[in-house]
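Working notes, beginning with the structure itself.
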Amino acid sequence: MKRRNFMQQAALAGASVFTAGLATASGIKNEKTNAAAADKPFNMNYAIHDGMFKNNGGNDFIDQIKYAYDMGFRSIEDNGMSGRPVAQQEKIGDTLAKLGMSMGVFVLDKGGNGANTLAAGKQEYVDIFLKGCRQAVEVSKRINGKLTTVVPGDFERRLPIGIQTGNVIEALRRGAEILEPNNIVMVLEALSDTPNLFLRTSDQTYEICKAVNSPSCKILYDIYHMQRNEGDLINHIDHAYGEIGYFQIGDNPGRKEPTTGEINYKNIFKHLYNKGYKGILGMEHGNSLPGKEGEMALIKAYRDSDNFM
């Protein structure tokens, strides 16, 4: 039996059993499963990450990518791509090319997260950031990627906020000078992990992108983080939309797949679809349930949330 047919039949069997169990337990009237469309691409372009399908696809990320393709996903993202061996990067790139899949974001090496705060304006920090930009160019060539995540780091609280903002803008302009000729976009991510992080909201990120004034500097709108930091998601998306280059997904609370928290992802996906968004949405979250059944539940959650047409 061909691998594709085997995986589809396995998915159909697993999803049918799991969905039937959910219906019995919760009294859901509609017991129809979406597994029949297991290999049909989604309306939106969702990107899996390493480990998300390790129980059904296998421990090797390449095998997970192939499994995800069979389930209808058409992109991946990988925060740690810069740290993978060159040969593995090339193998992932070759696999994506053969399947016709896209590469989402990887994190720019030493790009922030408190370890390298661009707000301080220190040359040593800027040099580390620019080295990461040059490395991102080489990584992107191997994986046919165009997107890299940048977090400007922590506040430098001894400096006025305007000076900090100016320091960040200047560093990002220099990074854009490296990335723009190579058609690579750094997407700035505002986070909710700690109040010490400089970049916190979408309007702040929008202001910085406007000031950098480069097609290689855009917003990564992480819906999970922005729900925690600012809420009113659709209105904030509309305000900043002209500078948004990428979205990431995670329900809140818990940072698991859609339908497990308070965010109405079906409405958000429909809104983005109607706005004409054709980019990638990274699945940067965990699985709410363990094992193979948890992975099938995740797929069903995306099928349900993507069913907005």
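The values are calculated or read from the model by the stated rules, or taken from the named source; none is laboratory data. For clarity, every value in this text was computed on a predicted model and none was experimentally measured. No Cβ is skipped: glycine too gets one built from the backbone with ideal geometry, and neighbour counts run over all protein chains shown. Remember, those area values only see protein heavy atoms, side chains included, never the ligands or the DNA or RNA. Shrake-Rupley method; radii C 1.70, N 1.55, O 1.52, S 1.80 Å.
General observations
- Scanning the range 248-278 for residues that are open to solvent by 20 Å² or more (accessible area, probe 1.4 Å) and among the polar types (S, T, N, Q) gives ASN252, THR259, THR260, ASN264, ASN267, ASN274.
- Options LEU289, LEU281: the member that is open to solvent by less than 10 Å² (accessible area, probe 1.4 Å) and aliphatic (A, V, I, L, M): LEU281
- When the range 187-213 is limited to residues that are part of a helix (DSSP H, G or I) and hydroxyl-bearing (Ser, Thr, Tyr), the one that is most open to solvent (accessible area, probe 1.4 Å) turns out to be TYR206.
- Tally of residues being under 25 Å from VAL107 (Cα atoms) and in contact with a helix residue (DSSP H, G or I) (Cβ under 8 Å, 6 or more places away or on another chain) across the range 243-267: 12
- Residue among GLY245, GLY250 that alone is under 19 Å from ASP78 (Cα atoms), in contact (Cβ under 8 Å) with a residue 40 or more places away in the chain and not in a helix (DSSP H, G or I): GLY245
- Candidates in the range 114-164 are the residues that are touching a strand residue (DSSP E or B) at 6+ places or on another chain (Cβ under 8 Å), open to solvent by 20 Å² or more (accessible area, probe 1.4 Å) and assigned to a loop (DSSP other than H, G, I, E, B); of these, the one that is farthest from MET186 (Cα to Cα) is PHE155.
- Search result, residues across the range 255-293 that are part of a loop (DSSP other than H, G, I, E, B), more than 17 Å from the chain's Cα centre (by Cα) and of a type outside the set (Ser, Thr, Tyr): GLY261, GLU262, ASN264, GLY276, LEU289, PRO290
- Among (1) in a helix (DSSP H, G or I); (2) basic (Lys, Arg); (3) under 18 Å from the mean Cα position of the chain (by Cα); (4) closer than 20 Å to VAL107 by Cα, the one test that ARG173 misses: (3)
- Reported count of residues in the range 77-87, each being in contact (Cβ under 8 Å) with a residue 12 or more places away in the chain and in a helix (DSSP H, G or I), is 4.
- Of the residues making up the range 214-235, those that are open to solvent by 40 Å² or more (accessible area, probe 1.4 Å), touching a residue at least 12 places away in the same chain (Cβ under 8 Å) and not in a loop (DSSP other than H, G, I, E, B) number 5.
- Options ARG74, ARG157; residue that is touching a residue at least 12 places away in the same chain (Cβ under 8 Å) and not aromatic (Phe, Trp, Tyr): ARG74
- ASP222 under 17 Å from the mean Cα position of the chain (by Cα) and at pLDDT below 95: no
- Restricting the range 300-309 to residues that are over 18 Å from ASN252 (Cα atoms) and of a type in the set (A, V, I, L, M, F, W, C), the residue that is surrounded by the fewest Cβ atoms within 10 Å (Cβ to Cβ) is MET309.
- Residue in the range 236-256 that is over 23 Å from ILE219 (Cβ atoms), modelled with pLDDT of 95 or more and of a type in the set (Ser, Thr, Tyr) present: no
- Residue count for the range 54-111 satisfying the condition of being touching a Gly at 6+ places or on another chain (Cβ under 8 Å), open to solvent by 70 Å² or more (accessible area, probe 1.4 Å) and within 30 Å of VAL126 (Cβ to Cβ): 1.
- Enumeration of residues in the range 39-56 that are assigned to a helix (DSSP H, G or I) and under 20 Å from the mean Cα position of the chain (by Cα): LYS54
- Residue tally, condition open to solvent by less than 10 Å² (accessible area, probe 1.4 Å) and not hydrophobic (A, V, I, L, M, F, W, C), over the range 236-247: 1
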